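Read-outs throughout are calculated quantities, based only on the coordinates presented, and are distinct from any laboratory measurement. Not measured: the values here are computed from a predicted model. For neighbour counting, all protein chains shown are included, and Cβ atoms are generated from backbone atoms with ideal geometry for every residue, glycine included.
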Amino acid sequence: MLKITLQTILGTACLIVLTAAIVWAAKPGRCLLEVDGTKYINGRCTVELQKGGSFQIYDLKKRGYFAYVTLTDAVGVANGYWNGTDRGSHAHDPLGELTRDGACWVNDRARVCAWR
């Protein structure tokens, strides 16, 4: 019985640490999300950095628009996704393959930038 209780305690502690790490990674910043010539996020935002360099950006207007940049195995290459509609709940619209340009990831269609 003590072993199960100890496992439960350790599992809960790990969950708390992981949750704190995720919350710690989400910080205010400045962002730009431009798709097909329209700026959907331009200014204050929330930036969530992930281990390895992938990140998400959210506008501060009730998270109306957001985008994900997910690094690939190729150096300087990422895939981008965004929700496509104001307050859409999933990043189901692909932005395509992006390459790094300073604080931005870009292609002919999109620009996703984050500064903290």
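Worth a mention:
- A cut-off of 5 Å between modelled amide H atoms, ignoring neighbours fewer than 5 places along the same chain, links ILE41 with LEU33.
- Overall form of segment 45-116 per C-alpha gyration tensor (a/c, 1.5; a/b vs b/c): prolate
- Hz values of 3J(HN,Hα) by residue in segment 100-114 - Karplus curve (6.51, -1.76, 1.60), Gly and Pro given as x: 7, 9, x, 8, 10, 10, 9, 8, 5, 9, 9, 9, 10, 10, 8
- Compared with the alpha-carbon gap, the fully stretched path from ARG100 to ASN42 is longer by 19.0 nm at 0.36 nm per residue.
- Average Cα contact separation per residue, segment 26-115, under 8 Å, 6 or more apart, as relative contact order %: 25
- FRET efficiency for ARG30 and ASP73, using Cβ-Cβ distance with R0 set to 22 Å, rounded to 0.05: 0.15
- Total formal charge among the other residues, if their Cβ is under 13 angstrom from that of SER54, Lys/Arg +1 and Asp/Glu -1: 0
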